[in-house]
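Working notes, beginning with the structure itself.
The values are calculated or read from the model by the stated rules, or taken from the named source; none is laboratory data. As the structure is a prediction and not an experimental result, all values here were calculated from the model. Cβ atoms come from the backbone with ideal geometry, glycine included; neighbour counts cover every protein chain shown.
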Amino acid sequence: MAIREIIFLPDPVLRRKAHKVTQFDNDLQVLIEDMIETVRDAPGVGLAAPQVGVSQRVIVVEYAEDDEMEDSPKKLYVAVNPEIVQPSEETELGIEGCLSVPGLVGEVDRHTAITIKAQNRRGQPVKIKASGWLARIFQHEIDHLDGIIYTDRATRVWKPREGEEIPVD
Ligand code: ZN
């Protein structure tokens, strides 16, 4: 495994529509392992392949349901070719940051619940149900696969004050 370099705006790879994954080969396994190591190192809660310069439809999300609890177990999700199905009508505003847009945060309206249809790292179909923060992280990461950055959707974007805690993905 290796930590890959995270790319920043205005790198054009971040604005490209990523390619659908068709080969579930060793290169894909290495990419996924590297992405997991990279997001843990950052640290962040999610990472999309374009953020490490790879224009492929792969995301990793690692999130602890209750981040108030220090030992709350983190759950790791790997989604290949993810698609959002059944988005809730209800949306809510929340604050997001992005590893590819350092130094800024923004307020973004997202669906409160979604189902994701994807493939796992072996190419088998999977369904993931997500709500709340987890749903927000998935929407943010899947946007990256279409060249969309949260600042495109944000109702406002600002530089956080010193000590202001921000989520990064
Ligand atoms: Zn991001």
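Residues are listed down the side, and each one gets a yes or a no for (1) outside any loop (DSSP other than H, G, I, E, B); (2) on the phi > 0 side of the Ramachandran plot; (3) at pLDDT 95 or above; (4) not β-branched (Val, Ile, Thr):
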residue	(1), (2), (3), (4)
Asp71	no, no, no, yes
Val78	yes, no, yes, no
Pro82	yes, no, yes, yes
Glu92	yes, no, yes, yes
Ser100	no, no, yes, yes
Gly103	no, yes, no, yes
Glu107	yes, no, yes, yes
Ile116	yes, no, yes, no
From the option list Lys127, Lys74, single residue qualifying as within 27 Å of Lys20 (Cβ to Cβ) and more than 16 Å from the ligand (Cβ to nearest atom) is Lys127
Of Arg4, Arg40, the only residue that is in a loop (DSSP other than H, G, I, E, B), surrounded by 13 or more Cβ atoms within 10 Å (Cβ to Cβ) and either of a type in the set (D, E, K, R) or without any contact (Cβ under 8 Å) to a residue 24 or more places away in the chain (or both) is Arg4
Over 21 Å from Ala130 (Cβ atoms) and within 16 Å of the ligand (Cβ to nearest atom): which single residue out of Gly103, Gly46 fits that description? Gly103
Any residue at all in the stretch 95-115 that is free of Cβ contacts under 8 Å to residues at least 60 places away in the same chain and closer than 16 Å to Val60 by Cβ? no
State all residues of the stretch 50-63 that are within 11 Å of Ile7 (Cβ to Cβ) and crowded, with 24+ Cβ neighbours inside 10 Å; if no residue qualifies, say none. Pro50, Gln51
